[in-house]
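Reading through the structure tokens given below for one structure.
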Amino acid sequence: MTPDIKAAPPAGLRIRRGALADAPLLSALGAETFTTSFATQNTPENLAKHLAKAFGKGVQERDLVDPAVTYLIAEMNGRSAGYAQVRGSEPPACVTGPSPIEVLRFYVVHDFHGTGVAQALMDACAAEARKLGGRTLWLGVWDQNPRAIRFYTKWGFRDVGGQTFMLGDDPQQDRVLSRSLDQQTT
């Protein structure tokens with residue numbers, strides 16, 4: 001895709017803001033998508049520690065009532081297809097663009113890979129970031145996740161640095177990617 005052509009969202013796709021009642025869904029969806037994405041590359045112990053910290057009881061409830069956090073839930077023909085979490089937060093020093101907003105979590109259920117759900121969900125993240133006054137969108141992505149890195153690069157993100165992500169007791173390296181929200185989305 002070129003930056004001037006925006007694909008139409010897939011038929012049957014709905015992206016909505018998460019509400020407090022969605023906490024159990026987001027917890028289950030988060031644990032499922034994270035496990036599907038990363039279980040084979042990590043120890044069961046470290047995976048379990050991360051899942052408890054990121055998706056354990058009360059985590060999503062706290063996030064859903066935080067005014068700095070927005071969950072976006074993608075549903076395709078009534079099925080959960082993915083979700084994203086956008087938040088205003090202090091970026092790492094390598095993110096130098098103005099008014100940065102973070103995409104903290106971005107996951108699409110495996111059955112919906114390649115369907116256009118990811119593109120539509122990222123478009124929704126950019127729109128939400130703009131509503132929050134953002135002019136720069138940034139995220140961290142595991143350096144061992146080439147599929148995600150390719151997607152973000154196609155979407156216009158550039159590698160601007162790195163940071164450590166703790167998965168349980170395992171320090172892993174994330175690439176920090178950033179893009180201007182002033183440029184046209186793909």
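The values are calculated or read from the model by the stated rules, or taken from the named source; none is laboratory data. Keep in mind the model is a prediction, meaning the values are calculated, not measured. Neighbour counts are summed over all protein chains in view; Cβ atoms, including those assigned to glycine, are modelled from backbone coordinates with ideal geometry. Areas reflect the complete protein model, heavy atoms only, side chains present, ligands, DNA and RNA absent. Shrake-Rupley method; radii C 1.70, N 1.55, O 1.52, S 1.80 Å.
Other residues lying with their Cβ under 15 Å from the Cβ of LEU72 contribute a combined charge of 0, Lys and Arg counting +1, Asp and Glu -1. For region 29-122, carbon and sulfur atoms together expose 54% of the accessible surface, with a 1.4 angstrom probe and every protein chain in place. Around ARG158, with a cut-off of 13 angstrom between Cβ atoms, what is the net charge of the other residues, counting Lys and Arg +1 and Asp and Glu -1? That works out to +2.
About its Cα centre, the dipole of the chain is roughly 420 debye, where the only charges are +1 on Lys and Arg Cβ and -1 on Asp and Glu Cβ. Stretched out straight at 0.36 nm per residue, the stretch from ARG147 to ALA93 would grow longer than its current Cα-Cα span by 16.9 nm. Most simply put, the chain has about 90% antiparallel DSSP beta bridges, counting only bridges with both residues inside it. The equivalent ellipsoid that matches the C-alpha gyration tensor of region 119-174 spans semi-axes of 23, 14, 10 angstrom, in descending order.
Here's the picture: charge each Lys and Arg Cβ at +1 and each Asp and Glu Cβ at -1 in region 1-141, and of SER99, ALA84, VAL59 the one pushed furthest to the positive end of that dipole is SER99.
Can you say what percent of the DSSP beta bridges in region 72-163, counting only those with both residues inside, are antiparallel? Round to 5. DSSP beta bridges in region 72-163 are roughly 80 percent antiparallel.
Dividing the Cα radius of gyration of region 53-93 by 2.2 N^0.38 Å, with N the residue count, gives 1.39. With all protein chains kept in place, the per residue accessible area of the chain amounts to 50 square angstrom at a probe of 1.4 angstrom. Computed over every Cα-Cα pair of the chain and binned at 10 Å starting from 0, the pair-distance distribution P(r) comes out as 9, 37, 41, 12, 0 percent.
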